[in-house]
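Since the structure comes first, as structure tokens, the remarks are kept for the end.
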Amino acid sequence: MALRWGWWWWRWRCGASARRAPPPPPLGSVPGPGSRPPPPALGGAMCHFPQRSSVLSFPKICNIFWRFHHTSTSQMCSCSKTVSDEKYQDPFQLGRKDLKNLYEDIKKELLVSTAELREMCEYYFDGKGKAFRPMIVVLMARACNIHHSNSREVQASQRSVAIIAEMIHTASLVHDDVIDDANSRRGKMTVNQIWGERKAVLAGDFILSAASLALARIGNTTIISVLTQVIEDLVRGEFLQLGSKENENERFAHYLEKTFKKTASLIANSCKAVSILGCPDPKVHEIAYQYGKNVGIAFQLIDDVLDFTSCADRLGKPAAADLKLGLATGPVLFACRQFPEMNAMIMRRFSKPGDVERARKYVLQSDGVQQTTYLAQRYCHEATREISKLRPSPEREALIQLTEMVLMRDK
């Protein structure tokens with residue numbers, strides 16, 4: 001459903017004149033197939049979070065992204081604290097107990113006799129990452145447990161899912177860096193730059209195999225099926241990224257599907273897995289899945305925005321990296337509607353001299369960043385709508401807060 005209305009939003013956006021940036025559809029509801037909401041005034045476009053005392057307006061979001069890297073992290077985070085002290089829940093504070101020794105436990109799963117292989121596998125598990133995915137997983141586990149049995153304790157099997165999710169994610173980063181020939185990740189050299197491509201591929205494979213063993217130890221065939229779907233989606237998503245579409249509408253649908261498979265599937269299915277372990281109600285499983293899917297897509301959309309609006313030092317990787325890889329992300333696809341001359345560059349994957357610089361200039365001159373941010377806001381709103389169906393709890397409020405943090409992050 002989320003991918004369908006994301007594509008619908010693209011079609012609605014493309015119905016506007018080529019050089020004019022239209023206001024978005026109302027954010028208070030998600031359009032269904034065939035519906036066409038009247039365009040509101042820009043100043044009235046607000047995202048209302050259910051059962052919250054805060055209202056997050058688009059102008060506030062735009063100001064954040066248009067400040068680029070000159071805005072500090074502390075300033076960014078302060079914007080998310082527009083809710084009352086009673087309602088505001090710091091997700092990282094709530095999840096700290098369950099994520100204590102997370103990386104030490106991951107390293108225990110990677111025990112191997114070869115010192116070099118161990119060093120390669122542990123390279124990114126240095127405790128300096130955001131642990132965004134494990135954080136969502138343990139908060140979802142608690143929220144579902146509270147909803148079902150009023151228990152705030154995270155089961156050992158649910159915590160294992162958080163560990164497995166981080167391992168699968170990290171293995172995918174190692175493999176991505178080989179495919180992209182990347183030289184920096186999280187502010188340091190990539191595994192493939194230090195140890196070479198062949199050993200990097202093997203290191204990624206080993207992390208996946210260790211994650212698979214940890215998954216098997218959970219002993220639940222349903223959970224195994226849910227999480228192995230993530231690995232299949234990662235591969236299919238990578239193949240989608242290697243391809244392209246000539247038709248503009250197909251191109252955007254292709255982009256959203258790739259975004260789901262490469263990024264959102266892991267979050268969606270990990271959330272679903274812990275909900276299955278904590279609650280027998282299929283409706284709760286679907287809520288957890290939909291929340292994870294929508295947050296995951298929004299996370300990647302903002303990541304694609306930051307590729308144009310943030311600097312390399314903040315990102316921990318080169319800016320405009322996607323253009324250099326020949327990838328047309330959301331900001332590019334929206335900009336193409338205002339600058340049709342970008343079509344030829346997209347089809348040749350920005351391979352001619354000067355293509356990358358010209359495309360980046362067009363994106364920044366267009367409303368591509370603005371429209372992609374709007375779309376991310378809509379996905380976050382849908383995630384909030386889904387999670388609000390669960391029984392009220394600090395963990396549910398923290399998951400709502402995470403959707404705001406996704407929109408406001410600067411790296």
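Pairs of Cα atoms nearer than 8 Å and 6+ residues apart set the relative contact order; for region 244-332 it is 26 percent.
Applied to region 205-212, the Karplus parametrisation 6.51 cos²θ - 1.76 cosθ + 1.60 on θ = phi - 60° returns per-residue 3J(HN,Hα) values of 4, 5, 4, 5, 5, 5, 5, 5 Hz, with x for Gly and Pro. The lysine pair count for region 192-313, using Cα distances under 19 Å and pairs eight or more places apart or on different chains, is 11.
Between Gln365 and Val201, the modelled label-to-label distance comes to 4.2 nm, taking each label 7 Å out from Cα in the direction of the beta carbon. Residue ranges 374-381, 343-350 sort as 374-381, 343-350 when ordered by packing (mean number of other C-beta atoms within 10 Å per residue, highest first). Among residues other than Arg396 with Cβ under 10 Å from its Cβ, the summed charge is +1 (Lys and Arg +1, Asp and Glu -1).
Take the alpha carbon gyration tensor of region 254-316, find the square roots of its eigenvalues, order them as a ≥ b ≥ c, and report rounded if a/c is under 1.5; if not, report prolate when a/b exceeds b/c, else oblate.
Details: a/c = 3.65, a/b = 2.44, b/c = 1.49.
The shape class here is prolate.
For region 237-243, the Karplus equation 6.51 cos²θ - 1.76 cosθ + 1.60, evaluated at θ = phi - 60°, returns couplings of x, 5, 5, 4, 5, 6, x Hz by residue, with Gly and Pro reported as x. Each other residue within a Cβ distance under 9 Å of Ser172 adds +1 if Lys or Arg and -1 if Asp or Glu, for a net charge of -1.
Scalar couplings 3J(HN,Hα) for region 266-277, obtained by applying the Karplus form with A = 6.51, B = -1.76, C = 1.60 to θ = phi - 60°, are 4, 5, 4, 6, 5, 5, 4, 4, 5, 5, 5, 5 Hz; x denotes Gly and Pro. Mean sequence separation of contacting Cα pairs (under 8 Å, at least six apart), scaled by the length of region 296-409, corresponds to a relative contact order of 31 percent.
Under the definition of Cα pairs under 8 Å and six or more residues apart, what whole-number percent is the relative contact order of region 89-236? Computed over region 89-236, the figure is 23 percent.
Based on protein heavy atoms only, region 131-270 ends up with 40 Å² per residue of surface accessible to a 1.4 Å probe.
The values are calculated or read from the model by the stated rules, or taken from the named source; none is laboratory data. In this text the structure is predicted, and so the values were computed from the model without any measurement. Glycine also receives a Cβ, built like all others from the backbone with ideal geometry; neighbour counts cover every protein chain displayed. Areas reflect the complete protein model, heavy atoms only, side chains present, ligands, DNA and RNA absent. Shrake-Rupley method; radii C 1.70, N 1.55, O 1.52, S 1.80 Å.
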